[in-house]
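A.B. asks: Here it is, the structure in full.
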Amino acid sequence: MFEGACACAQQLPNNGDYDRLAELLNKYKQQKGALIPMLQETQKLFGYLPEPAMEQIARAFAVPLGHIYGVATFYAQFYLEPRGRHVIRVCQGTACHVRGSSKILDRVKQELGINAGETTKDFRYTIEPVACIGACGLAPVMMINENTHGRLTPEMMSKILLKYE
Amino acid sequence: MDMITVKIDGKDIQVPADATVLTAAQMAGIDIPTLCYYPGLRPEGACRVCAVEVEGVKSLVASCVYPVTPGAVIHTNTPRVRNARRTIVELMLANHPNSCLTCERNNNCELQQIAFKVGVRKVSFSGERREWLKDETSPSVVRDPEKCILCGRCVKVCNDIQSAGILNYNNRGFDTLVAPVLNRGLGSTSCVACGQCSVVCPVGAITEKNDVDEVWRALSDPKLHVVVQTAPAVRVAIGEEFGLTSSVETGKLVAGLRRLGFDRVFDTDFTADLTIIEEAHELLHRIQNGGTLPMITSCSPGWIKFLEHNYPALLPHLSTCKSPQQMFGALAKSYYADKMGLKPEEIYVVSIMPCTAKKYEAKRPEMSRDGIVDVDAVLTTRELGRMFEEAGIDFAKLPDEEFDEPMGISTGAAVIFGASGGVMEAALRTAVEVITGKELHDIEFAQVRGLEGIKEATLDVAGQKVKVAVANGLANARKLMDLLAAGQADYHFIEIMSCPGGCIGGGGQPLPVDMEVRLARMKAIYQADRDLPLRKSHENPAVKELYKTFLGKPLGHKSHELLHTSYTCRPLFKEC
Ligand code: SF4
Ligand code: SF4
Ligand code: SF4
Ligand code: FES
């Protein structure tokens, strides 16, 4: 099942991560219900779910690639595009909104030249659209990776962003 | 099966204990509307249009998946049921484009019919609607996802029946989309172009690619000599487009094609006979010379593409014979062109096929010579029906007419190509006579006939055991290929057809289709065989003449140049 052998399709990026992926596949492929954990591990490894990795998973699990893709797009936790090293989440909750969070978000977009949901070309930043991140006391607030930055003004943004290499 | 008694709409009725409420109601002569349910596919209970009330059960149930229980009291026509059904359909329509008048499925759309049946009164077009791009990347089928009602039938046919695994539910919630793998265009996936998704789709969300206008253009071009060929399975189904039951309508079909203005009306059966002769000799050659066995038939282009993507290592098993459609095109632009004193480029070849994959096949680069394609345009049976409509041809009133010569002469062996097992049977009729050198009297091979997914037979031919297998539907083909890849298939010859039942159940055949319709078409095919005076391909006088004056001998030099082809290994999940 689903393990065709066309030579032109077999070339994987020459990348140590794919060796690690092969080990993971060996571990998970015999287990029932292991597809989601497998996808999670893969995402941890690559930061997202690259297409060649999904193909490898489809072969090992003997399911169509379309099935993997269906699952990956059903759950919000999976990303199909590479993401930046730093993920920026600007809170759009009510408290932040009243205190001008949309201007904060606009400033971030301006500085980075990308929209919410996009990643900069150098893979340094991704802006992730979020609703409320639950730190209303610090409004307007944003998170970069695991760090919270509060009581923001648009003017503070460029300095904060620069701290994340 | 045990029978139990249930009460439906006040009447007691005996039904099998494993029936669903839907089948029980059908047995009682009650018509419950359905959308996601499709006979032969795994029922899911997704759309809820088939809602009914069962006494003692609080909410309405989906009758297509709800099992009957002894003594159950069922109501299919209460105000609550009627309201629920109407609301469900109204909601569907609220997110549906208002474009029936220009839709491929206008007049033959299950959503239209259901809207009528449940009495939809108002549609609110005020809400937000998803906008999706039309997908015209495949030469065979077109997807129009805005019309999709997410019933899932295509997903099931593509995964369960064809095991192609192309269509799936992607995304979630409001963004849910039934689409090919990675949201790619179908044409850049390993879709095999079988069109079975277009057969089961209740609406205009997946349809055959319509090439009718190209054919009209060719027909009105005075510089072109336009010839048409029709496949065996078309003649037993075209009548359905005009409300007739499935039966042999060869005479009317020929007459209708002539009315459309084709310069010559020919028969793919002529080259089906030729295929048999080439293929039978290829098989014997392989058996006698230690060639790759089993040999597998190559007339079903969806099957070819499937093997190229999924089992490239098994490609040497494929017969190198082009399909009858392509042999026809190649000969029309050489043999026939010579006879008529025409240049190949002055001839335009149209095929009428039961199949959407034939559109893809005609576009394969191997299927042309010096930049001239063998076949210029391929129409499905459904598109031909539409052409007749556009031309104002009243099919039922047409007289019976005969094919033109010489490429319209054929035998019964050719016509059975249209049913699963037919190519095998036709090949055996010829191969056995070639091997034994004696006339074969018992020419009907019942073991390879019928709708069963995989059929096997062992024959005794001049003291040698010949083992054959036949599969239809690609999930069945996959089973055979897995055996073959594991070295567990010691057959000599395998016939594979992509579509359930063979070409009679092809992706381009009239809608709707179910087991009964397939059986009726199959019966008609074998009737057409019995009606013909000649029933073995090698007895076809026009084919004999072709060998004598043009080709030389089977598998000869000219045959190789015109009638044989090669295959390409393709990646598992995409198009090269
Ligand atoms: S799919 Fe049916 S309801 Fe929708 S536009 Fe086409 S004909 Fe009309
Ligand atoms: S044409 Fe066949 S393989 Fe392609 S999507 Fe439709 S059902 Fe699947
Ligand atoms: S494309 Fe057609 S068959 Fe497939 S889910 Fe949509 S409506 Fe149903
Ligand atoms: S037909 Fe029963 S739920 Fe769709």
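The values are calculated or read from the model by the stated rules, or taken from the named source; none is laboratory data. Fair warning: this is a prediction, and the values are worked out from it, not measured in the lab. Cβ coordinates were reconstructed from backbone atoms using ideal geometry, including for glycine residues, and neighbour counts include every protein chain displayed. Surface areas here come from the heavy atoms of the whole protein model, side chains and all, with no ligands, DNA or RNA. Shrake-Rupley method; radii C 1.70, N 1.55, O 1.52, S 1.80 Å.
A.B. asks: Just name the residue that is nearest to the other protein chains (Cβ to nearest Cβ) out of those in the stretch B:520-576 that are of a type in the set (F, W, Y) and outside any helix (DSSP H, G or I).
C.D. replies: B:F573
A.B. asks: Looking at A:A22, A:A58, A:A34, A:A72, which is the one that is farther than 23 Å from A:A116 by Cα, under 22 Å from the mean Cα position of the chain (by Cα) and buried (at least 17 other Cβ atoms within 10 Å of the Cβ)?
C.D. replies: A:A58
Residue by residue, here is whether (1) away from ligand 4 (no atom under 16 Å from the Cβ); (2) under 17 Å from B:P202 (Cβ atoms); (3) open to solvent by less than 30 Å² (accessible area, probe 1.4 Å) holds:
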position	(1), (2), (3)
B:M27	yes, no, no
B:C50	no, yes, yes
B:V54	no, no, yes
B:I88	no, yes, no
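A.B. asks: If you go through the stretch A:151-162 one residue at a time, how many are charged (D, E, K, R) and outside any helix (DSSP H, G or I)?
C.D. replies: Total meeting the criteria: 1.
A.B. asks: Here is a check on your reading of the model: is B:A477 out of contact with any Gly (no Cβ under 6 Å at 6 or more places or on another chain), buried (at least 23 other Cβ atoms within 10 Å of the Cβ), part of a helix (DSSP H, G or I) and within 14 Å of another protein chain (Cβ to nearest Cβ)?
C.D. replies: Answer is yes for this residue.
A.B. asks: Another one. Please specify each residue of the stretch A:60-80 satisfying the condition of being in a helix (DSSP H, G or I) and facing another protein chain (nearest Cβ under 7 Å).
C.D. replies: A:L65, A:G66, A:H67, A:Y69, A:G70, A:T73, A:F74
A.B. asks: Sticking with this one: What are the pairs with Cβ atoms under 6 angstrom where one residue, in the stretch A:59-85, is of a type in the set (S, T, N, Q) and the other, located anywhere, is surrounded by fewer than 18 Cβ atoms within 10 Å (Cβ to Cβ)? Sequence gap at least six, or different chains.
C.D. replies: A:T73/B:N171
A.B. asks: Which of (1) within 24 Å of B:E383 (Cβ to Cβ); (2) out of contact with any helix residue (DSSP H, G or I) (no Cβ under 6 Å at 6 or more places or on another chain) does B:E361 not meet, given it meets every other one?
C.D. replies: The one condition B:E361 does not meet is (2).
A.B. asks: Give, as residue ranges, the strands (runs of 3 or more DSSP E) completely inside the stretch A:110-150 that count at least 1 residues that are open to solvent by 50 Å² or more (accessible area, probe 1.4 Å).
C.D. replies: Per the criteria, A:147-149.
A.B. asks: Is there any pair linking a residue in the stretch B:205-220 that is more than 13 Å from B:T380 (Cα to Cα) to one that is at pLDDT 95 or above and away from ligand 2 (no atom under 16 Å from the Cβ), with Cβ under 6 Å and at least six apart or on different chains, and which?
C.D. replies: B:E214/B:A377; B:A218/B:L224; B:A218/B:V226; B:A218/B:Y348; B:L219/B:V226; B:L219/B:G261
A.B. asks: Further question: Which residue is most open to solvent (accessible area, probe 1.4 Å), if the candidates are limited to the stretch B:305-320 and must be part of a helix (DSSP H, G or I) and of a type outside the set (A, V, I, L, M)?
C.D. replies: B:P316
A.B. asks: Follow-up question, since we're still on this one. Among the listed residues A:T126, A:T94, which satisfies the condition of being of a type outside the set (F, W, Y), closer than 30 Å to B:Y169 by Cβ and outside the structural domain of A:T42 (by TED's automatic domain parsing)?
C.D. replies: A:T126
A.B. asks: Using the structure shown, decide if B:A115 is within 14 Å of ligand 1 (Cβ to nearest atom) and either within 14 Å of chain A (Cβ to nearest Cβ) or small (G, A, S) (or both).
C.D. replies: Spelling it out, B:A115 is indeed within 14 Å of ligand 1 (Cβ to nearest atom) and either within 14 Å of chain A (Cβ to nearest Cβ) or small (G, A, S) (or both).
A.B. asks: If you don't mind, another one. When both residues are 6+ apart or on different chains and their Cβ atoms are under 8 Å apart, which pairs have a first residue that lies in the stretch B:103-126 and is at positive phi, and a second that is more than 11 Å from ligand 1 (Cβ to nearest atom)?
C.D. replies: What qualifies is B:G119/B:R82; B:G119/B:R86.
A.B. asks: For the stretch B:296-316, state whether one or more residues are closer than 28 Å to B:A457 by Cβ, within 14 Å of chain A (Cβ to nearest Cβ) and among the acidic types (D, E).
C.D. replies: Taking every residue of the stretch B:296-316 in turn, at least one turns out to be closer than 28 Å to B:A457 by Cβ, within 14 Å of chain A (Cβ to nearest Cβ) and among the acidic types (D, E).
A.B. asks: If I go through the stretch B:281-292 residue by residue, how many of them are touching a strand residue (DSSP E or B) at 6+ places or on another chain (Cβ under 8 Å) and open to solvent by 20 Å² or more (accessible area, probe 1.4 Å)?
C.D. replies: Of the residues in the stretch B:281-292, 1 are touching a strand residue (DSSP E or B) at 6+ places or on another chain (Cβ under 8 Å) and open to solvent by 20 Å² or more (accessible area, probe 1.4 Å).
A.B. asks: Additional query: If you go through the stretch B:146-181, how many residues are of a type in the set (A, V, I, L, M, F, W, C), within 16 Å of ligand 1 (Cβ to nearest atom) and in a helix (DSSP H, G or I)?
C.D. replies: Of the residues in that region, 1 qualify.
A.B. asks: Here are B:C36, B:C64, B:C47: which of them is touching a Gly at 6+ places or on another chain (Cβ under 8 Å), in contact (Cβ under 8 Å) with a residue 60 or more places away in the chain and either assigned to a loop (DSSP other than H, G, I, E, B) or within 16 Å of ligand 3 (Cβ to nearest atom) (or both)?
C.D. replies: Sole residue among the options that is touching a Gly at 6+ places or on another chain (Cβ under 8 Å), in contact (Cβ under 8 Å) with a residue 60 or more places away in the chain and either assigned to a loop (DSSP other than H, G, I, E, B) or within 16 Å of ligand 3 (Cβ to nearest atom) (or both): B:C36.
A.B. asks: Cβ-Cβ below 8 Å, separation at least six or inter-chain, first residue in the stretch B:1-30 and in a helix (DSSP H, G or I), second among the small types (G, A, S) and surrounded by fewer than 18 Cβ atoms within 10 Å (Cβ to Cβ): which pairs?
C.D. replies: Pairs found: none.
A.B. asks: Which one of these does B:R184 not meet: (1) surrounded by fewer than 19 Cβ atoms within 10 Å (Cβ to Cβ); (2) away from ligand 1 (no atom under 16 Å from the Cβ); (3) among the charged types (D, E, K, R)?
C.D. replies: All conditions are met except number (1).
A.B. asks: Given the residues B:A94, B:A164, which is the only one that is at pLDDT below 95 and away from ligand 4 (no atom under 15 Å from the Cβ)?
C.D. replies: B:A94
A.B. asks: Scan B:E208, B:E214 and give me the residue that is touching a strand residue (DSSP E or B) at 6+ places or on another chain (Cβ under 6 Å), at pLDDT 95 or above and more than 16 Å from ligand 1 (Cβ to nearest atom).
C.D. replies: B:E214 is the lone residue from the list that is touching a strand residue (DSSP E or B) at 6+ places or on another chain (Cβ under 6 Å), at pLDDT 95 or above and more than 16 Å from ligand 1 (Cβ to nearest atom).
A.B. asks: When only residues in the stretch B:129-143 that are touching a Phe, Trp or Tyr at 6+ places or on another chain (Cβ under 8 Å) and open to solvent by 20 Å² or more (accessible area, probe 1.4 Å) count, which is farthest from B:L307 (Cα to Cα)?
C.D. replies: Among those residues, the one meeting the criterion is B:R130.
A.B. asks: Then there's this: Out of all the residues in the stretch B:194-202, is one or more more than 14 Å from chain A (Cβ to nearest Cβ), within 16 Å of ligand 1 (Cβ to nearest atom), part of a loop (DSSP other than H, G, I, E, B) and within 30 Å of B:A477 (Cα to Cα)?
C.D. replies: Yes, because at least one residue in the stretch B:194-202 is more than 14 Å from chain A (Cβ to nearest Cβ), within 16 Å of ligand 1 (Cβ to nearest atom), part of a loop (DSSP other than H, G, I, E, B) and within 30 Å of B:A477 (Cα to Cα).
A.B. asks: Conditions: (1) away from ligand 3 (no atom under 14 Å from the Cβ); (2) crowded, with 16+ Cβ neighbours inside 10 Å; (3) more than 14 Å from every other protein chain (Cβ to nearest Cβ). B:A94 meets all but one. Number of the miss?
C.D. replies: Evaluating B:A94 over (1) away from ligand 3 (no atom under 14 Å from the Cβ); (2) crowded, with 16+ Cβ neighbours inside 10 Å; (3) more than 14 Å from every other protein chain (Cβ to nearest Cβ) leaves (2) as the failure.
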